[in-house]
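Structure first, then comments.
The values are calculated or read from the model by the stated rules, or taken from the named source; none is laboratory data. Not measured: the values here are computed from a predicted model. Here the Cβ positions follow ideal geometry from the backbone for every residue, glycine too, while neighbour counts run over all protein chains shown. Side chains are part of the model used for accessible areas, which takes the heavy atoms of the whole protein and leaves out ligands, DNA and RNA. Shrake-Rupley method; radii C 1.70, N 1.55, O 1.52, S 1.80 Å.
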Amino acid sequence: MKKKYLIGNMKMNMDYSHLEPYFGDLARIADNSNNVVGVCVPYVYLELAKYMLDGTKVLYGAENMYHEDSGAYTGEISANMLNDFACDLVIVGHSERRSYFHESDLDVNKKIKKALDSGLTPIMCFGETLEERQGNMAFSVVEKQLMGGLQGLEYDEVSRIIFAYEPVWAIGTGVSATSDQAEEMIAFAKRIIAENFGVKETIVLYGGSMKPSNAEDLLSKPSIDGGLIGGACLKIDDFEKIINVKVE
Ligand code: PGA
């Protein structure tokens, strides 16, 4: 059975008192799983994550970073700062960053480069909006996001990235893409990456309302290597069910 990657994205949720038991539970769940388990948390909880998760099987990291090393960028956090907390992962280009904070493909590109240079594993998100899907532009939008975000990167770099296809219309809405829609787009993304960068073994997750009731269907698709899980990672019992899904 192929290992799946199940990575939580907490967004701006949780608090210190809930995270202590949560991290303890997650470490235990990961220990009993053959899948790769990870979680990305608000910056301010990285110290607790390091304390409780460093040295366990859980990969952890941040939900964003800035591409500069240091300087007058009030409110921003650098890759080196994430390394101070022994982070493994950093989410880059999440659609909420793209829409609410106006991050462009060029911003995503700079962040990916800096994350890779700093030894972090970026989780690069891409995905179309509902209007783009309805206008038959989903594939061209995804191709543009991938090519823009990966511009100038070499084979060795692209092969270290984890990707996440997150159709914007499925995020936090309760309406997941069907497993066929997700499979189709992820297979397409893998083709684009293989053709342009020569990387044939890319890891691509699906994200958007993945939950215990649909995880098995999504994760059993051949091109879907795992999930980036928002809402359902907040309840450890739901996250545990997804992590423990058995697929052929
Ligand atoms: P969701 O979020 O699971 O709550 O839809 C996924 C994500 O945005 O990464």
ask   = Say a paramagnetic label sat at a point 7 Å from the Cα of residue 27, along Cα to Cβ; which residues of segment 44-76 have their backbone N under 14 Å from it?
value = 47-60
ask   = Where the accessible area of segment 19-138 is counted over protein heavy atoms with a 1.4 Å probe, how much of it, in %, is carbon and sulfur?
value = 48
query = Taking the radius of gyration and the Kirkwood hydrodynamic radius from Cα positions alone, what is the Rg/Rh ratio for segment 80-156, to two decimal places?
reply = 1.02
query = Once the principal axes of the Cα atoms of segment 149-211 are found, what is the range along each, listed largest first in whole angstroms?
reply = 37, 18, 17
query = Where the Cα atoms of segment 123-248 are projected onto their three principal axes, how long is each span, largest first, in whole Å?
reply = 41, 33, 24
request  = Counting only heavy atoms of the protein chains, get the accessible area per residue of the chain (1.4 Å probe) and round it to a whole Å² value.
outcome  = 46
Sparse-neighbourhood loop sites, chymotrypsin sites (Phe, Trp or Tyr not before Pro) in segment 89-128 - DSSP loop, at most 16 other Cβ within 10 angstrom = 101
request  = In whole Å, largest first, what are the principal axis extents of the Cα atoms in segment 203-244?
outcome  = 27, 15, 14
task = Keeping to pairs on different chains or 8 or more places apart, tell me how many lysine pairs in segment 185-248 have Cα atoms under 17 Å apart.
result = 7
query = Expressed as cubic angstrom per residue, what is the convex hull volume of the alpha carbon set of segment 114-157?
reply = 71
query = Expressed in nm to one decimal, what extension gain is obtained for the pair residue 191 and residue 139 from 0.36 nm per residue of sequence separation less their Cα-Cα distance?
reply = 17.5 nm
remark   = Relative contact order in percent for segment 134-203 (Cα pairs under 8 Å, 6+ apart) equals 43
note = Residues whose modelled amide H sits under 5 Å from the amide H of residue 38, counting only those 5 or more places away in sequence or on another chain, are 6, 7, 8, 59
ask   = Can you list the residues, at least 5 places off or on another chain, whose amide H is less than 5 Å from the amide H of residue 91, using H built in the peptide plane?
value = 62, 63, 64, 123
ask   = Hey, if you drop one equal point scatterer on each alpha-carbon of the chain and run the Debye formula without solvent, what base-10 log of I(q)/I(0) do you get at q = 0.13, 0.14, 0.15, 0.17 Å⁻¹?
value = -0.75, -0.88, -1.03, -1.35
DSSP-loop chymotrypsin sites (Phe, Trp or Tyr not before Pro) across segment 19-90, with at most 16 other Cβ within 10 angstrom = 73
Chain lengthening between residue 237 and residue 130 when straightened (0.36 nm per residue, less Cα-Cα) = 35.5 nm
